[in-house]
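The values are calculated or read from the model by the stated rules, or taken from the named source; none is laboratory data. This is a predicted model, so every value here is computed, not measured. Here the Cβ positions follow ideal geometry from the backbone for every residue, glycine too, while neighbour counts run over all protein chains shown.
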Amino acid sequence: MGVFAEHLETPGVTEVLELRSTFGLMAFHGGYLEKVTDLIADEVATETSSSFYGVLHGEESTTHISSKFVDPADSSSLQQFLDHVDTAVALHGYGRENLRKVILLGGSNRALAEHIAEQLSDDLPKYEARHVVEDIPKELRGLHPDNPVNRPSLGGVQIELPPTLRWNWDERNWSDHGGASRAPQVDIFIASLAAAIASWEPGSSEA
């Protein structure tokens, strides 16, 4: 049994699969692990009629599995998702004190990363959408070929969101968690990413 298969058997860990178009959203560190990422990915997928694959973690399941070990051989749901989509965007959360308002766009589809970055820069001017690979910390670039976001035929984009975007500052809790409502910047991000996906022309991909 692989690392990811064992992880999926952990109490409190559940998978979600919704197949729609051949563009897919992912959040396999969702739930209480990288908070708000699954909520964003799911809502953007719904708004854009995209497919969605998520792994939700309960409060007691806080083990973080590196993306390169999230193996479709260990999950029929993940395999179905990857067989169905040709392009993917994966939502993650990260925290770096020196990058408190920086959104990182890694992954193998660099044309799509730049396209999304341009949309985010217009809609979230208080945040920097960083898409140049050399300007992203190596461990957050999401370029490993075994990373699920890179497995579709046209590759994908790994989006790393800082806590400042996912946190509800007025209610001092994570957006949509523990009774807190949706922070306004989360709604803006969802609308912006959905707009970028809706305007994306697959033929321009260099992946």
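Taking the condition of a type outside the set (Phe, Trp, Tyr) and under 16 Å from the mean Cα position of the chain (by Cα), does residue 33 pass? First the steps, then the outcome.
Values: of a type outside the set (Phe, Trp, Tyr): yes; under 16 Å from the mean Cα position of the chain (by Cα): yes.
Answer is yes for this residue.
Taking the options 141, 130, 172, 166, name whichever one is surrounded by 17 or more Cβ atoms within 10 Å (Cβ to Cβ), more than 30 Å from residue 80 (Cα to Cα) and not aromatic (Phe, Trp, Tyr). Write out each step before concluding.
On the way: 141 fails: more than 30 Å from residue 80 (Cα to Cα); 172 fails: surrounded by 17 or more Cβ atoms within 10 Å (Cβ to Cβ); 166 fails: more than 30 Å from residue 80 (Cα to Cα).
On inspection, the qualifying residue turns out to be 130.
Would you point out which residue out of 12, 31, 24 is crowded, with 17+ Cβ neighbours inside 10 Å and either β-branched (Val, Ile, Thr) or over 27 Å from residue 115 (Cα atoms) (or both)? First the steps, then the outcome.
Values: 12 fails: crowded, with 17+ Cβ neighbours inside 10 Å; 24 fails: either β-branched (Val, Ile, Thr) or over 27 Å from residue 115 (Cα atoms) (or both).
None of the other options fit; the residue is 31.
I'm trying to understand the selection: among the residues of the stretch 185-202, which are modelled with pLDDT of 95 or more and not aliphatic (A, V, I, L, M)?
Restricting attention to the stretch 185-202, the residues satisfying the condition of being modelled with pLDDT of 95 or more are 185-200.
Within the stretch 185-202, 185, 187, 189, 192, 199, 200 meet the criteria.
Can we say residue 95 is modelled with pLDDT under 95 and within 24 Å of residue 54 (Cβ to Cβ)?
Yes: the conditions hold for residue 95.
Specify which of the listed residues (95, 155, 179) is surrounded by 19 or more Cβ atoms within 10 Å (Cβ to Cβ) and either under 16 Å from the mean Cα position of the chain (by Cα) or small (Gly, Ala, Ser) (or both). Break it down into steps so the answer makes sense when it comes.
On the way: 95 fails: surrounded by 19 or more Cβ atoms within 10 Å (Cβ to Cβ); 179 fails: surrounded by 19 or more Cβ atoms within 10 Å (Cβ to Cβ).
One residue alone meets the criteria, 155.
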